Amino acid sequence: MIGLSASRLLFFFLVFSLFAGGIVQILHRHLSLGIPLLPSASRDVWFVDAKVTFEATGGPVTVSFALPASQTGYTLLGETLVSPGYGVSLLPSGGLRRAEWTIADTDGTQKLYYKAQFAADNLIVSSSDSPPSLALEPPLSLDEVDQAAAQEVLTEAIEKSAGPLSLTRQILKILTRSPPTQTVELLRTNFEPADLLITLLTQGGVAARSVFGLELEDGRRRKRLESFVEVFADGELHLFDPATGAEGRPDNVLLWAPGALSILDVQGGRNSDLTFSILLQEEAALKSVLTQLDDLGQDDFSIYRLPLEEQALLKGMFLIPIGVLVVVFIRVIIGFRTSGTFMPVLLAIAFIQTKLIPGLIGFVLIVGTGLIVRSYLSTVNLLLVARISATLSVVIGLTILFTLLSERMGLENIQNFTFFPLVIMTWTIERMSILWEEEGPKEVLIQAAGTLVVAVIAYSLMSTPIVRHLSFNFLGLQLVILSLILLMGQYTGYRVLELHRFRSLGKDV
Amino acid sequence: MFNFIKRLRKRGILSMNQRNVRYIGQYNDRRLYPLVDDKLKTKLLATEHNVNVPGLIGTIQYYHETRLIDRIIGQRSGFVIKPARGSGGKGILVIVGSKGEAYLRSNGSVVTLPDIRRHLSNILSGLYSLGGSQDVAIIEELIHSDPRLEPYTHEGVPDIRVIVFKGFPVMAMIRLATRQSAGRANLHQGAVGVGLDLAAGRALGGVQFNAPIEIHPDTGATLKNLFIPKWEELLELSAKCFDMSNFGYLGCDFVLDESHGPLLLELNARPGLAIQIANQSGLLLALNHIEQGRAPKNLSPKQRASYAIDKLAKLS
């Protein structure tokens, strides 16, 4: 064999250093900080960041924010308020807690954070969630026309019901009926579903109030609170979703300060907004986070100290090298052809948002339809830029169309079509259609299948809990991946598919 | 499995990864790629270095020049129009004769002068070029394929591919169009590849779709009997291609013209590996021989061609 030259030695030294450095970092975090290598069976901890933004108008500002409490299924572990320059006080008011931020004089865009950690467990199983101080004033004052419509709904519901709960169910049944009657249509276009339901219930003599809930989903950013309605009956509170009519609290919904009259009050500012970022961690990892937060300076490089919104973004980013590794392996070692080098990774990222099956269907639908449209475009002899732009417009149109269609058909998860990388899909269509003209449909099928196979493998890896756990908690893994990619870049042996290609040459003679 | 890989190695079969990293990456300078991606540049360069190419009748660069096509063609009844940066044989119009005002294409259909002008403006707009960028149309003389190769092709002119490494021809094959490949000479589209003995230009045996084949599927000609006339001249031309282009690892495509002999069609900086299947032999045998410095240095193209005939031919 050829001897190793100095530059090659240096290269292998670099690869080895990256690999060893990564392993050392992983071991260090595991052994001295105690972060487990496997996602353990311990309870999950939800990190919830609430972000309050508003425009200060100049002058004193007071922001009052209702805080959540432990409740069935979720135990509050800890909370912090982050607000540079503001005075902070926690006000327990009648069992309801509120945070109050104050500042004497400020203007411009303001950002305030409230961070809380909830353990998902069943330590608290009771409905002592909050005292039932229920609204007796209806939240809406209806004009004559609306009042007549409301009365009509109420009369119909009362006729069929026997008690507060069945009245609620009947009202919801009428309000969510499809297709809606003209009366319901009128009410639904004029009022928010929660306000409407409470008004109807109050008029029907049932004590009800509106509460807000946060749907917990790992890695979500810019999430908002959703409205629910609580009805008091038989000494207990019953939760209803006024938009769908569903009864009972969904397991993944965290109630946010039930009983509070308002969630957010801003004095001295306008355009206030409240959004949430959510991240899931295991408790063991959390422990180290907490020790790290206590022990400042020990690990200045910690990503746990970033706002959750950034953490969620990073969690997604750290998965990309995993997908890239799959692409390199399959192209260099196996020899599959894919259309576009990183198309499969981008697809895998999109699949994480859309879920696999709806994602696959969506991709095939959009690219398939795109190809048909593109084949027409190639008969009218357009210049390249114009052709690509036209295809892009068509892809965007198709995305909107399929999103609306799936909504119409009642498929909820498919709405996330918008996560597809539109520009990349356009180029894929362009390349595939050129391929179709030059090499025939067989080659298009081979490459499309190759792309999808790689995307599905990358997706399966990227959505595995252990991979998500490792990539987020052990940055050393990124170094290990980089070293593996560099190493594979030097692989000059036969690809697996080449063994098939050269089969006639390797026969025994 | 491991024996299989071992045999591939022993026979010196070059793999795609190795070709990319060790040969194209190491011996082909990226800055030189425009020379081979543009057929007009290749043609002018070849003319400068006395490498024979199909005669250039004219070029058309601007739309308004398409009106002058009849003056460029003159009284000729046979000519070829091709895009300078076309890929995969797209956009090539072969005119073999005239019929009054109209012209006759190689596939038998009839085109008029306005048809030709439209084709020219399609070429200029980049319809056939790689990446769709603006292009130039080349008008060149019609190749009259050597009649000795006529029985081996279905439409199209057979094209001879020679791999040249550091100026030495190391392997060669001829690609024969078939009905299945629609007159094109691309092996993965169903053209027949026939390995050529480096020493004399005689056929070694053919393959179609990676499987051995003895007779041409359309014409029924026995492939074994195929040989390339003026073989030494062709090899010398291919060796010259290295001096003119400076690509260390190069694929040269030739056609054999009845009266002008071997003519260079185009150069390829990323020649494929199928040639190994057509030859039933690996490229690495010769590549290693040359890389390890066993071939003499500072030879003229003619001497390198003779070295290939005398020494390299015996390696496989």
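None of the figures in this text is laboratory data; all of them are computed from the coordinates on show. None of these values were measured; they are calculated from a predicted model. Here the Cβ is made from the backbone with ideal geometry for all residues, glycine too, and neighbour counts use every protein chain on show.
Worth a mention:
- Counting beta carbons within 10 Å around each of B:Lys82, B:Lys230, A:Lys315 and listing the fewest first gives the order B:Lys230, A:Lys315, B:Lys82.
- Shown for the range A:382-509 is the translational diffusion coefficient from the Stokes-Einstein equation, using the Kirkwood radius over Cα pairs, a temperature of 10 °C and a viscosity of 1.306 mPa s: 84 µm²/s.
- Helix A:356-377 axis, angle to chain A major axis (alpha carbon atoms, nearest 10°): 70 degrees
- With the simple spin-label model, which puts each label point 7 Å out from Cα in the Cβ direction, the A:His28 to A:Ser393 separation comes to 5.5 nm.
- Using every pair of distinct Cα positions in the range A:57-99, the Kirkwood expression returns a hydrodynamic radius of 12.4 angstrom.
- Computed over neighbours whose Cβ is under 13 Å from that of B:Gln18, the net charge equals +2, Lys and Arg +1, Asp and Glu -1.
- Square roots of five times the Cα gyration tensor eigenvalues for the range B:1-87, Å: 42, 15, 13
- From the largest down, the range B:207-316 spans 45, 33, 26 angstrom on the principal axes of its Cα atoms.
- Dipole magnitude (debye, nearest 20) for the range B:56-141, charges at Cβ of Lys, Arg, Asp, Glu: 100 debye
- Note on A:Val496 and A:Glu144: the model spin-label points, each 7 Å out from Cα along the C-beta direction, lie 7.8 nm apart.
- Rounded to 0.05, the FRET efficiency of the A:Ile466 and A:Ile361 pair, given R0 = 22 Å and the Cβ-Cβ distance, is 0.20.
- Working value for chain B: equivalent-ellipsoid semi-axes of 34, 22, 18 Å, each the square root of 5 times a Cα gyration tensor eigenvalue, largest first.
- Here the contact order of chain B, divided by its residue count and restricted to Cα pairs under 8 Å and six or more residues apart, works out to 20 percent.
- 222 nm mean residue ellipticity, helices alone, for chain B (DSSP H n ≥ 4; -39,500 (n - 2.57); rounded to 500): -7000 deg cm²/dmol
- Paramagnetic label zone (point 7 Å from Cα along Cα-to-C-beta, B:Asp243; backbone N under 13 Å) in the range B:276-316: B:298-306
- Listed from fewest to most Cβ neighbours within 10 Å, the set A:Val24, A:Val184 follows the order A:Val24, A:Val184.
- Adding -39500 (n - 2.57) for every DSSP H run of four residues or longer, then dividing by how many residues chain A holds, sets the calculated 222 nm ellipticity at -15000 deg cm²/dmol.
- Stokes-Einstein D in µm²/s, Kirkwood radius over Cα pairs - the range B:56-141 at 10 °C with 1.306 mPa s viscosity: 125 µm²/s
- Mean separation of Cα contacts under 8 Å (6+ apart) over length of the range B:56-141, as relative contact order %: 41 percent
- Cβ-based charge dipole, the protein assembly as shown, positive-most Cα from A:Ser64, A:Leu38, A:Ala148: A:Leu38
- Dipole in debye (nearest 20) - chain A, about Cα centre, beta carbon charges: Lys, Arg +1; Asp, Glu -1: 2360 debye
- Paired Rg and Dmax values of the range B:116-252, which use every Cα atom, in angstrom: 16.8, 46
- Chain A pair-distance distribution - Cα-Cα, 20 Å bins, rounded %: 17, 41, 33, 8, 1
- By the count of neighbouring beta-carbon atoms within 10 Å, fewest first, A:His469, B:His188 end up ordered B:His188, A:His469.
- More than 23 angstrom apart: percent of Cα pairs within the range A:318-473: 40 percent
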